[in-house]
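Q: Below you'll find the structure I mean.
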Amino acid sequence: MMGYLEEVFSSLRDVLAEKDEVRDLIQECVRSIVRLSKTVLSLIHRGLLEEARVKAEEFTPLLSKLLKLRKLHEEFDYSGSIATAYQEYCEAKALLTYLCEGRIPSWEELSSPPIPYVLGLLDMVGELRRLILENIRLGEVEEAERLLKLMDTIYDESMKIDSPYAASVGLRARLDRVRRVIEATRGELIIEIRRRSLENAIRRLEEVLRSTHIG
């Protein structure tokens, strides 16, 4: 019996050592995907869309590697770090695709699990807010309105998801935060629209007064 248990535990240690090795490789891959996502988003906000597009091509080998590692030990699919990697990737790639092509790619197109995809789009709302505020600063109100409409659409469609599993991974809390971000952004955009409207009204009045004085 003792010899049998020694063999069992020896085999167990070998298996765990292999799992630890795979886990370390997964963590390394996850960190690379998260870093790349942040780099792509940074390039986007600096207005360097072409550089962001080229940089985003580095996602392909990283995602391929992650998929192979996931298949080695499927229990790692439940790892929060893997979900985070897909979430960050979907956020960056979806925003880049929208700005370059005017569309949001599906989760199948991004080869992502569905829930990290949804959470990634909801995180993207924060990046859209940054773009909206920059457009407000530049006086590009129409572009800001277009981006706000996208924020609304992402929120509205996500609200339609009625899944206990999605709720268990924090979808409802994320939606609450996104709603507050959208409300704040809408308020700032309304203030800017009213300010521009007032400026235009004052300008027209000045023109009328000037023409009346000249006449």
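Q: Kindly indicate whether Gly139 is under 12 Å from the mean Cα position of the chain (by Cα) and not assigned by TED's automatic domain parsing to the domain that holds Leu62.
A: Values: under 12 Å from the mean Cα position of the chain (by Cα): no; not assigned by TED's automatic domain parsing to the domain that holds Leu62: yes.
No.
Q: OK, next. Based on what the data block shows, is Lys65 part of a helix (DSSP H, G or I) and farther than 27 Å from Leu131 by Cα?
A: Yes; evaluated as a whole, the condition is true for this residue.
Q: Within the group Ala166, Ala83, Ala144, which residue is among the small types (Gly, Ala, Ser), under 20 Å from Ser37 (Cα atoms) and surrounded by 13 or more Cβ atoms within 10 Å (Cβ to Cβ)?
A: Testing whether each residue is among the small types (Gly, Ala, Ser), under 20 Å from Ser37 (Cα atoms) and surrounded by 13 or more Cβ atoms within 10 Å (Cβ to Cβ) leaves just Ala83.
Q: Oh, and also: From the list Lys93, Lys71, pick out the single residue that is surrounded by 12 or more Cβ atoms within 10 Å (Cβ to Cβ), among the charged types (D, E, K, R), part of a helix (DSSP H, G or I) and outside the structural domain of Asp162 (by TED's automatic domain parsing).
A: Matching residue, one of Lys93, Lys71: Lys93.
Q: Would it be correct to say that Ser106 is in a loop (DSSP other than H, G, I, E, B) and on the phi > 0 side of the Ramachandran plot?
A: So Ser106 does not fit the description; no.
Q: Given the residues Ile136, Ile132, Ile190, which is the only one that is of a type in the set (Val, Ile, Thr), at pLDDT 95 or above and in a helix (DSSP H, G or I)?
A: Ile132
Q: Turning to a different aspect of this structure: Looking at segment 103-124, can you tell me whether even one residue there is of a type in the set (Gly, Ala, Ser) and more than 26 Å from Leu66 (Cα to Cα)? Quick ask: steps written out before the conclusion?
A: If we filter segment 103-124 for residues that are of a type in the set (Gly, Ala, Ser), which is where we start, we get 106, 111-112, 120.
This time we only want the ones that are more than 26 Å from Leu66 (Cα to Cα), so: none.
No, segment 103-124 contains no residue that is of a type in the set (Gly, Ala, Ser) and more than 26 Å from Leu66 (Cα to Cα).
Q: Could you identify the single residue in Arg210, Arg195, Arg177, Arg204 that is touching a helix residue (DSSP H, G or I) at 6+ places or on another chain (Cβ under 9 Å) and of a type in the set (D, E, K, R)?
A: Details: Arg210 fails: touching a helix residue (DSSP H, G or I) at 6+ places or on another chain (Cβ under 9 Å); Arg195 fails: touching a helix residue (DSSP H, G or I) at 6+ places or on another chain (Cβ under 9 Å); Arg204 fails: touching a helix residue (DSSP H, G or I) at 6+ places or on another chain (Cβ under 9 Å).
The unique qualifying residue is Arg177.
Q: Here is a follow-up. Given the structure, is Ala144 under 15 Å from the mean Cα position of the chain (by Cα), touching a residue at least 40 places away in the same chain (Cβ under 8 Å) and part of a helix (DSSP H, G or I)? Working first, answer last.
A: Values: under 15 Å from the mean Cα position of the chain (by Cα): no; touching a residue at least 40 places away in the same chain (Cβ under 8 Å): yes; part of a helix (DSSP H, G or I): yes.
Criteria not met by Ala144.
Q: Would you check which residues across segment 1-35 are modelled with pLDDT under 85 and either under 30 Å from the mean Cα position of the chain (by Cα) or within 30 Å of Tyr86 (Cα to Cα) (or both) and list them?
A: Val15, Leu16
Q: While we're looking at this one, here's another question. Tally up the residues in segment 163-184 that are of a type in the set (Ser, Thr, Tyr) and within 10 Å of Leu119 (Cα to Cα), please. Steps first, answer last, please.
A: In the first step, residues of segment 163-184 are kept if they are of a type in the set (Ser, Thr, Tyr); the result is 163, 165, 168.
Next, only the ones that are within 10 Å of Leu119 (Cα to Cα) stay: none.
Looking only at that region, the number is 0.
Q: Further, regarding this structure: Out of everything in segment 104-124 that is hydroxyl-bearing (Ser, Thr, Tyr) and surrounded by fewer than 22 Cβ atoms within 10 Å (Cβ to Cβ), what residue ends up being farthest from Glu58 (Cα to Cα)?
A: Ser106
Q: Something else about it: For segment 2-28, name all the residues that are surrounded by 10 or more Cβ atoms within 10 Å (Cβ to Cβ) and of a type in the set (Phe, Trp, Tyr).
A: Listed by number, the list holds a single entry, Phe9.
The values are calculated or read from the model by the stated rules, or taken from the named source; none is laboratory data. What you see is a predicted model, and the numbers here were worked out from it, not measured in a lab. All Cβ positions, glycine included, derive from the backbone under ideal geometry; neighbour counts span all protein chains shown.
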